[in-house]
Amino acid sequence: MNDICQSYKDELQRLEASGNLRKLPSVVHDGKWVIDGGRKMLNLSSNDYLGLSTDKALRQEFISNRMTEECLFSSSSSRLLTGNYTIYDRLETLLADLFGAESALVFCSGYHMNTGILPAVTDSTTLILADKLVHASIIDGIRLSQAQCVRYRHQDYKQLEMLLQKHKDNFSRIIIVTESIFSMDGDIAPLYKLVDLKKMYPNVMLYVDEAHAIGVRGDNGLGIAEEQGCIHDIDFLCGTFGKALSSVGAYVICRKAIREFLVNRMRTLIFTTALPPVNVAWTYFIVEHLSQMKERRNALNLVSSRLRDALRVKGCDVASESHIVPMIVGKSSDTILKAEEMQRKGFYVLPVRPPTVPEGTSRLRFSLTAAVSEEEVGRLIEVL
Ligand code: PMP
C-alpha cells in the first residue's frame, strides 16, 4: 500500500543527508545556563540580549505589584472585538511618547507584524525594494502582498539608488525595507543613508525592522534609529518585544493615518486573538524601565566587542558591529560538528544552516547577552 507520507519522509532523509535536518531541542533552563543530557552550558543562543528573562528580582517586582484583575491570561478576542484591554492603549501611548511620535500600534508577534503591515499598505502599483538578507517574516509579508519586489544586494546602497532612479516614475509608491541590525550577520544598516535616499523622492517610504536593536542600542534603548538620530524620518519603525525586552509581541511607530489604516486593513491584526493582558502589562513594565538599563547595554557592548575583536585576531571575517557575532564555517555538516564541540566545552551555541542563511555560509551564531560576564567571554575566546 502507498504511504501517503512517503514524499515527506524522502525529503526528511535528504535534509538529514545534507546536514540540514532540524529538531526541536529539549533543553532545561537554569538562568543563563541550559542543561542538556546532564551537561550544563552557558546559553549563547538566546535573544534575551539584556539578560532580563533571567532576572528573578525584576519578575518578582512585577508580580508583587500586580492586581489579579490585571493578570488576565487571555484577551479572549481580537482587538477589534473585545480584546482591546486598556493596557494596550497605555502601552501604545507610552511607546509613542518615548519615541516622540504620533502613534504606535502593538501586534501579537514580530511575525504577525512583518506578514501583516506590507500586504496592508501596498497594492499592485507599489514597488518594494528589500535588502537581500531581510528576515523570513518580511519575505513572507512581501509574498502575501500585491506589490512587485526587487531584492537589492545586501547593504549595496549604490544598487538601491540605481533601482530608485530607474523605477521612481513607474510606481505610485516605493517602500525600502531593511533590518537595522541584521539577524544572522550582526552588521548594521546606515539608516541615515537610507533616509537621505528616501528624501530624494516624494513617493518613497522607509520600513525598518529593529527586532535585534530595540533595548540594546541608543541612549534610551530605542534602537539604531535613536543611535543614528533618525527616528522621525522612518515611516514604519518596527520592533519586537520577544528579544531584549524578554516579553512577546511587536510594535510599529508611525503616523496616525498609517495606524488607523492598519487597524482597518491589516489582516494579522484583525483576525487574531489579542495578546493576553498580562503579557502586555509585563511589556509595559519593561518599556518603562528601558531608559534606565544603560549598565546592561554597556556590559553587552563590552563582551560583544571583546568577542568580535578576538575572532578578527584569529583571522575570521567578522562583519558584525553588534552583540550578534557569527563565525562562518561553510558546510552544514562541519558547522554541526563545531557546535557539538563547543557544547562539549560548556557553551551552548547552535549551528545556523540553510534556508536560514545562504548555502555554503552555515555558521555558529554567538548571541551574547548582558548576563554573560567578561570572564565567561574570556573562556569562550580561549576555547575558540
Ligand atoms: N524580525 C526579525 C528581524 C527577526 O529576527 C524575528 C525573529 N527572529 C522576527 C522579526 C519575528 O519576531 P517574533 O519572534 O516576535 O515573531
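Checking each residue in region 197-246 for being of a type in the set (Val, Ile, Thr) and not in a loop (DSSP other than H, G, I, E, B) picks out Val204, Val208, Ile224, Ile231, Thr240.
What do you reckon, is Ser103 open to solvent by 30 Å² or more (accessible area, probe 1.4 Å) and touching a residue at least 24 places away in the same chain (Cβ under 8 Å)?
no
Filter region 138-163 down to residues that are open to solvent by less than 30 Å² (accessible area, probe 1.4 Å) and under 18 Å from Leu269 (Cα atoms) and give me whichever is nearest to the ligand (Cβ to nearest atom).
Filtering first and then ranking leaves Ile138.
If I go through region 111-137 residue by residue, how many of them are open to solvent by 10 Å² or more (accessible area, probe 1.4 Å), in a helix (DSSP H, G or I) and away from the ligand (no atom under 11 Å from the Cβ)? Total satisfying the criteria: 3.
Contact annotation: residue pairs with Cβ atoms under 6 Å, 6 or more positions apart or on different chains, pairing a residue in region 50-74 that is over 13 Å from Pro276 (Cβ atoms) and in contact (Cβ under 8 Å) with a residue 60 or more places away in the chain with a partner that is open to solvent by less than 50 Å² (accessible area, probe 1.4 Å) and polar (S, T, N, Q), are Gly51/Thr369; Leu52/Ser246; Ser53/Ser246. Determine, yes or no, whether Arg217 is touching a helix residue (DSSP H, G or I) at 6+ places or on another chain (Cβ under 7 Å), open to solvent by 10 Å² or more (accessible area, probe 1.4 Å) and away from the ligand (no atom under 12 Å from the Cβ). Yes, satisfied.
Is it the case that His167 is within 16 Å of the ligand (Cβ to nearest atom) and either in contact (Cβ under 8 Å) with a residue 12 or more places away in the chain or not assigned by TED's automatic domain parsing to the domain that holds Glu260 (or both)? When the stated conditions are applied, His167 does not pass them. Looking across region 164-196, the residues that are in a loop (DSSP other than H, G, I, E, B) and not aliphatic (A, V, I, L, M) come down to Lys168, Asp169, Asn170, Phe171, Ser172, Ser180, Phe182, Ser183, Asp185, Gly186, Asp187, Pro190. Number of residues in region 77-95 that are in a loop (DSSP other than H, G, I, E, B) and polar (S, T, N, Q) equals 4. Filtering region 99-110 to residues that are assigned to a helix (DSSP H, G or I) and within 11 Å of the ligand (Cβ to nearest atom) leaves only Gly110.
A single member of Ile234, Ile214, Ile176 is touching a residue at least 12 places away in the same chain (Cβ under 8 Å) and over 23 Å from Met162 (Cβ atoms), and it is Ile214. Please go through region 58-76 and give me each residue that is among the aliphatic types (A, V, I, L, M) and under 26 Å from the mean Cα position of the chain (by Cα), ordered by number. Result: Leu58, single match.
The values are calculated or read from the model by the stated rules, or taken from the named source; none is laboratory data. All figures in this text were calculated on a predicted structure; none of them were measured in a lab. No Cβ is skipped: glycine too gets one built from the backbone with ideal geometry, and neighbour counts run over all protein chains shown. Surface accessibility is based on the protein's heavy atoms, side chains included, excluding ligands, DNA and RNA. Shrake-Rupley method; radii C 1.70, N 1.55, O 1.52, S 1.80 Å.
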